[in-house]
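Enquirer: The structure follows.
Just so it is clear, none of the values below were taken in a lab; they were calculated from the coordinates. What you are looking at is a predicted structure, and each value in this text was computed from that prediction instead of being measured. A quick note on method: Cβ atoms are made from the backbone with ideal geometry, for glycine too, and the neighbour counts reach across all protein chains shown.
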Protein chains: 2
Amino acid sequence: MLRGIHLNPVKPARPVNPARLVNIGICGLGTVASGTINILNRNKSVIDARSGCNITIVQVGARRDNIKCDTSTLNVTRDIFDVINNPDVDIVVELIGGTTVAKELVLKAIANGKHIVTANKALIAHHGDEIFAAAKAKGVTVAFEAAVAGGIPIIKSIREGLAANNIEWLAGIINGTTNFILTEMRDKGRAFDDVLKEAQALGYAEADPTFDVEGIDASHKLVILASLAFGIPLDVKKVFTEGITKISTEDVNYAEELGYRIKHLGIARRSANGIELRVHPTLIPEKRLIANVDGVMNAVLVKGDAVGATLYYGAGAGGEPTGSSVVGDIIDVARTLLAAPEQRVPYLGFQTEFVTEQKHLPMEEIETANYLRMSAADKPGVLSKIATILSDSGISIEAMIQKEAKEGDAIVPLILLTNCVQEKKLMAALSKIETLDSISGSVQRIRVESLK
Amino acid sequence: MLRGIHLNPVKPARPVNPARLVNIGICGLGTVASGTINILNRNKSVIDARSGCNITIVQVGARRDNIKCDTSTLNVTRDIFDVINNPDVDIVVELIGGTTVAKELVLKAIANGKHIVTANKALIAHHGDEIFAAAKAKGVTVAFEAAVAGGIPIIKSIREGLAANNIEWLAGIINGTTNFILTEMRDKGRAFDDVLKEAQALGYAEADPTFDVEGIDASHKLVILASLAFGIPLDVKKVFTEGITKISTEDVNYAEELGYRIKHLGIARRSANGIELRVHPTLIPEKRLIANVDGVMNAVLVKGDAVGATLYYGAGAGGEPTGSSVVGDIIDVARTLLAAPEQRVPYLGFQTEFVTEQKHLPMEEIETANYLRMSAADKPGVLSKIATILSDSGISIEAMIQKEAKEGDAIVPLILLTNCVQEKKLMAALSKIETLDSISGSVQRIRVESLK
């Protein structure tokens with residue numbers, strides 16, 4: 001059935017106009033650079049037919065060679081700064097990662113009048129505003145589709161496709177590693193540590209997995225999406241970030257019993273009270289499409305006031321999927337290389353002068369429903385005490401699971417779903433519950449979102 | 001939780017540059033025009049902040065008034081041709097539908113040097129090539145995001161977001177009416193006719209439902225998507241089209257038992273043998289995300305050689321969702337109003353000179369797996385005869401459901417899933433099976449796609 005094959009769909013009817021020669025300089029030669037080079041080579045005819053340009057790699061800057069792509073025909077230099085100083089280079093593709101050398105490289109390239117394409121989410125999240133200001137002063141483009149959700153054209157969709165909308169909220173599975181771990185925990189009942197080790201062996205997770213499993217990578221991507229959605233400056237510090245290390249197989253199973261899936265979401269929402277930015281494990285009704293996005297795949301749900309809910313799904317990482325976005329950006333930039341800056345899509349989707357600070361809603365004021373799991377003594381009156389504490393705080397119980405104690409067990413798990421309640425009210429109530437003699441240990445709490 | 005609210009996110013720091021005034025003339029005042037006008041009015045500040053232009057409706061041409069939007073502040077003219085002759089109008093938004101007056105209107109508007117935004121799938125599918133040629137000669141844009149899948153930015157995603165890819169295939173739920181009917185049949189066990197009546201009452205289906213339920217509307221959309229994906233001229237005649245009128249609740253239930261959902265798909269695929277374009281009911285494995293797209297919602301799955309499979313989901317119809325795409329196009333066109341034509345995205349994603357005929361694969365040569373349902377006499381040897389006919393034709397049986405006859409029934413239903421087989425081979429085998437004495441009536445056949 002619909003099986004993959006590689007073909008060149010286009011036989012140029014005439015040679016591409018040599019006046020539209022566009023020269024690319026690539027910095028870095030890792031996985032994404034290899035994917036990018038392979039695509040530019042393999043799909044040259046379709047890329048030129050779409051762009052109307054003759055797009056050619058004239059230089060690659062990398063400290064080392066790479067076996068993932070053929071560099072035999074490429075001009076490879078060991079000093080990446082040679083690339084940005086090469087007068088023949090029109091577009092610099094920054095694929096070295098990190099925020100120190102990459103920042104210096106990109107700012108110098110801009111100073112040299114080069115357009116920039118980058119896949120570097122940390123760079124954009126931390127230094128985007130400074131980079132965009134420099135680029136604007138110089139009249140060049142900075143394109144970064146590959147920085148969020150790999151091959152999914154989510155930045156283009158928000159920035160251009162949904163440009164008519166006031167974006168109300170977005171919620172995304174924007175880290176493949178955590179989604180792979182949560183999927184395996186659910187599908188196979190495996191423990192977090194066990195799956196993490198496999199993810200590391202498969203190359204989905206780094207040796208130091210903190211960046212992924214603690215949500216730092218997702219927070220970089222979320223802050224970029226939020227700026228595009230709401231027209232606010234990039235500010236990573238405003239993102240509340242919670243990882244998945246405390247999620248147990250028990251939680252995954254109880255969530256399932258209640259009709260939910262646990263996903264690690266990045267959520268940005270704008271209400272009359274302010275803008276919320278948060279990354280945390282979340283129970284989602286299993287009927288939602290995004291609840292069924294499994295494995296290393298990514299998906300972003302975007303709610304606009306005119307369009308309603310839309311969803312974008314695809315590979316969030318990998319050389320060629322990410323390279324697909326890098327090359328898509330190269331084509332966009334190539335097409336408008338000589339256009340007046342105001343004819344290009346602005347960096348964050350809003351004209352720079354309209355990117356303004358808006359009220360930020362601190363975490364303690366955010367309202368969510370909640371999944372609570374606690375270990376209760378198997379004796380009369382416990383539930384009544386808990387219910388009283390919750391009720392006194394204005395919190396109601398929407399669903400509950402309480403099972404009979406196993407023979408010999410003095411402790412039973414008690415699972416509650418609350419209504420939508422302000423973070424600080426819930427926290428106060430949980431502190432009281434945790435002081436009860438009949439409750440052992442701390443209460444496990446996971447936020448719940450209906451995503452409607 | 002993430003609930004909808006309407007807000008203006010942007011407070012302009014300074015007035016928009018009056019030199020970037022962009023004047024819109026709208027033809028038509030139906031559902032989509034009302035949605036478009038409402039969005040342009042309600043979201044003016046965000047639209048101007050994104051586009052960097054002051055986008056203003058200067059004239060609306062409509063034979064009648066409309067209660068779905070406020071026209072009190074609008075300059076409404078009864079002759080739609082006044083709009084395209086108005087020297088103040090920069091962009092003509094064609095929302096009258098149909099292919100006769102709309103074609104004349106659009107071609108005259110182009111001749112007058114107007115840029116075009118349209119939601120008219122029939123117009124683009126039937127006359128797109130002629131319209132694009134006229135627009136190219138005049139150096140103006142024709143934008144038609146709203147023509148396919150309503151508010152989903154699927155045209156932008158294929159044409160720009162995935163521009164680096166050789167698109168291998170795409171498959172879409174691109175008609176909300178048929179998806180609503182199939183969803184109700186599955187969820188509630190209702191019969192086709194019964195659900196169709198409800199769909200008509202709800203306004204999802206027209207009084208004459210042929211256009212939707214026979215797949216004509218979907219074929220218009222498919223031919224547009226295929227041209228964008230493969231760089232081929234628009235040719236509706238090449239689409240094989242089969243509706244959903246013969247799908248019974250029994251089929252829906254047996255499909256479910258086999259682990260599949262029945263969806264009405266538009267499929268475009270390019271292989272070494274040629275390009276296939278087909279609209280028909282399809283069994284899809286229930287685990288696929290697109291199998292879980294229910295109700296009136298649309299979704300398109302696109303497989304690129306670099307990015308892999310990506311999916312785009314959202315509302316496929318309705319005034320504001322479709323208006324979201326119309327206004328998104330207006331913003332794109334406004335931004336590049338004064339750009340050189342080669343700096344704009346080409347009409348079909350490929351530079352016009354690269355849009356070329358490619359070999360078309362006739363339906364009888366297409367290969368699919370198949371669901372077969374037949375009424376067999378409840379006596380020994382029947383299955384063996386059927387298996388022999390299939391096996392002699394090189395067709396293998398991958399799965400089967402045969403239930404015991406109800407008491408007194410001489411006929412039992414027999415359901416088979418075949419391997420992937422060429423259409424003409426299957427048809428020949430089915431003819432033989434239908435001549436068997438032990439088979440009553442014709443064989444129900446629905447194609448199966450794995451969409452991997």
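Enquirer: Identify, among A:Val140, A:Val252, A:Val443, the residue whose Cα sits farthest towards the positive end of the charge dipole of the protein assembly as shown, taking +1 on the Cβ of Lys and Arg and -1 on the Cβ of Asp and Glu, with the dipole about the Cα centre.
Expert: So the residue furthest toward the plus end is A:Val140.
Enquirer: I'd like the Karplus ³J(HN,Hα) series for region A:193-198: coefficients 6.51, -1.76, 1.60, θ = phi - 60°, whole numbers in Hz, and an x wherever there's a Gly or Pro.
Expert: 4, 4, 5, 4, 4, 5
Enquirer: Which lysines, on any chain, are close to B:Lys359 with Cα under 16 Å apart, when same-chain ones fewer than 8 places away are left out?
Expert: Straight-line reach from B:Lys359, under 16 Å: A:Lys11, B:Lys237, B:Lys238.
Enquirer: Beyond a 29 Å Cα-Cα separation, which of these cross-linked pairs lie in this structure: B:Lys108/B:Lys197; A:Lys221/A:Lys452; A:Lys136/B:Lys138; B:Lys103/B:Lys452?
Expert: Listed pairs above 29 Å: B:Lys108/B:Lys197; A:Lys136/B:Lys138; B:Lys103/B:Lys452.
Enquirer: Let me ask another. Calculate, in whole percent, how much of the Cα-Cα pair population of region A:365-448 lies beyond 22 Å.
Expert: On the way: 660 of 3486 pairs.
Beyond 22 Å sits 19 percent of the P(r) for region A:365-448.
Enquirer: If I model a spin label at B:Glu407 and A:Asp82 as a point 7 Å from the Cα along the Cα→Cβ vector, what separation in nanometres do I get?
Expert: The modelled label-to-label distance comes out at 8.9 nm.
Enquirer: Can you give the local net charge around A:Ala137? Use residues other than it whose beta-carbon is closer than 15 angstrom to its beta-carbon, Lys and Arg +1, Asp and Glu -1.
Expert: Once all neighbours under 15 Å are counted, the net charge is +1.
Enquirer: Applying the Karplus parametrisation 6.51 cos²θ - 1.76 cosθ + 1.60 with θ = phi - 60° to the phi angles of region B:166-178, what ³J(HN,Hα) value in whole Hz is obtained for each residue in order, glycine and proline being reported as x?
Expert: 7, 6, 8, 7, 9, 8, x, 8, 10, 9, x, 4, 5
Enquirer: Can you list the residues, at least 5 places off or on another chain, whose amide H is less than 5 Å from the amide H of A:Leu234, using H built in the peptide plane?
Expert: Sorted by chain and number, the residues that satisfy this are A:Asp129.
Enquirer: Which distances in nm, rounded to one decimal and ordered from shortest, link the label point of A:Pro362 to the equivalent label points in the other identical copies, with labels set 7 Å from Cα toward Cβ?
Expert: Shortest to longest, the spacings are 7.5 nm.
Enquirer: What is the packing order of peptides A:318-328, B:353-363, B:431-441, B:296-306, taking the mean over residues of other C-beta atoms within 10 Å and listing the highest first?
Expert: A:318-328, B:296-306, B:353-363, B:431-441
Enquirer: Distances in nm, one decimal, shortest first, from B:Ala410 to the same residue in every other copy, taking the label point 7 angstrom along Cα→Cβ.
Expert: 7.5
Enquirer: Could you check the spin-label model distance between A:Lys44 and A:Val101? Points 7 Å from the Cα along Cα→Cβ, value in nm.
Expert: Inter-label distance under the simple model: 2.9 nm.
Enquirer: Now for a different question. Averaged over A:228-241, how many beta carbons belonging to a partner chain fall within 10 Å of each residue's beta carbon? Write out the running numbers ahead of the final one.
Expert: Details: counts 0, 1, 4, 6, 2, 0, 0, 0, 0, 0, 0, 0, 0, 0.
For this peptide, the per-residue mean of nearby foreign Cβ atoms is 1.
Enquirer: Additional query: Report the Rg/Rh value for the protein assembly as shown, based on alpha-carbon coordinates and the Kirkwood definition of Rh.
Expert: In the protein assembly as shown, Rg relative to Rh is 0.98.
Enquirer: Give or take rounding to whole Å, what are the principal axis extents of the alpha carbon atoms in chain A, in descending order?
Expert: Result, largest extent first: 84, 45, 42 Å.
Enquirer: Still on this model: Of the beta bridges DSSP finds with both residues in the protein assembly as shown, what % are antiparallel, to the nearest 5?
Expert: Numbers: 105 of 153 bridges.
Bridges in the protein assembly as shown are about 70 percent antiparallel.
Enquirer: Here's a follow-up. Treat each spin label as a single point 7 Å out from the Cα along the C-beta direction, and report the A:Asp392 to A:Glu256 distance in nm.
Expert: My value for the distance between the label points is 3.8 nm.
Enquirer: I would also like to ask the following. What net charge do the residues around B:Ser438 carry, taking every other residue with its C-beta under 12 Å from that of B:Ser438, with Lys and Arg at +1 and Asp and Glu at -1?
Expert: -1
Enquirer: Let me ask something else about it. Sort A:442-451, A:33-42, B:260-269 by packing, meaning the average of other beta carbons within 10 Å per residue, with the highest value first.
Expert: In descending order of packing, they fall as B:260-269, A:33-42, A:442-451.
Enquirer: Go through region A:255-266 residue by residue and turn each phi into a ³J(HN,Hα) via Karplus (6.51, -1.76, 1.60, θ = phi - 60°); whole Hz please, and just put x for glycine and proline.
Expert: 4, 4, 4, 8, x, 10, 10, 9, 10, 8, 10, x
Enquirer: Report, by chain and number, residues whose modeled amide H sits under 5 Å from the one on A:Gln351, excluding near sequence neighbours (fewer than 5 apart, same chain).
Expert: The answer is B:Arg50, B:Gly52.
Enquirer: Sticking with this one: For the peptides A:171-180, A:189-198, A:86-95, A:116-125, what is the packing order when you average, over each peptide's residues, the other Cβ atoms within 10 Å and list the highest mean first?
Expert: By packing density, highest mean first, the sequence is A:171-180, A:116-125, A:86-95, A:189-198.
Enquirer: Check A:Ala205: other-chain or 5+ apart residues with amide H under 5 Å from its amide H, H built from backbone geometry?
Expert: Correct list: A:Gln200.
Enquirer: Something else about it: Say R0 is 25 Å: what FRET efficiency, to the nearest 0.05, do B:Lys246 and B:Lys425 get from their beta-carbon distance?
Expert: So, using R0 = 25 Å, E works out to roughly 0.70.
Enquirer: Still on this structure: Would you mind calculating the relative contact order of region A:365-448 from Cα pairs under 8 angstrom and at least 6 residues apart, reporting the percent as a whole number? Mind dumping the intermediate values first?
Expert: Details: 146 pairs, mean separation 41.7, N = 84.
Relative contact order for region A:365-448 comes out at 50 percent.
Enquirer: Okay, moving on. If R₀ is 56 angstrom, what is the calculated FRET efficiency for the pair A:Glu434 and B:Leu383, using the beta carbon separation as r and rounding to 0.05?
Expert: Details: r = 65 Å, r/R0 = 1.16.
Result of the calculation: an efficiency of 0.30.
Enquirer: Related question: Sort A:Met185, A:Met400 by Cβ crowding within 10 Å, fewest neighbours at the top. Kindly include the intermediate steps, with their values, before the conclusion.
Expert: Details: A:Met185 22, A:Met400 14.
Final ranking by Cβ density, sparse to dense: A:Met400, A:Met185.
Enquirer: How much length, in nm to one decimal, is gained on full extension between B:Ser72 and B:Glu198, taken as 0.36 nm per residue of separation minus their Cα-Cα distance?
Expert: 41.9 nm
Enquirer: So the label point goes 7 Å from the Cα of A:Thr356 along Cα→C-beta, right? Which residues of region A:214-250 then have their backbone N under 17 Å from it?
Expert: Within reach of a label on A:Thr356: A:227-234.
Enquirer: Further question on the same structure: Could you work out [θ]222 nm for chain B from helices alone, using -39500 (n - 2.57) per DSSP H run of at least four and dividing by all its residues? Round to the nearest 500 deg cm²/dmol.
Expert: -10000 deg cm²/dmol, from helical runs alone.
Enquirer: What is the mean number of Cβ atoms from other protein chains located within 10 Å of the Cβ atom of each residue in peptide B:278-289, rounded to a whole number? Spell out each step's value before the answer.
Expert: On the way: counts 0, 0, 0, 0, 1, 0, 0, 0, 0, 2, 1, 9.
Per residue, the average neighbour count from other chains is 1.
Enquirer: I'd like the trypsin sites (Lys or Arg not before Pro) in region A:380-420 restricted to DSSP loop residues with at most 13 other Cβ atoms within 10 Å, sorted by number.
Expert: A:Lys403, A:Lys406
Enquirer: Placing the label point 7 Å from Cα along the Cα-to-Cβ direction, what are the distances from B:Arg63 to the equivalent spots in the other copies, shortest first, in nm to one decimal?
Expert: Counterpart label points of B:Arg63 in the remaining copies fall at 7.2 nm.
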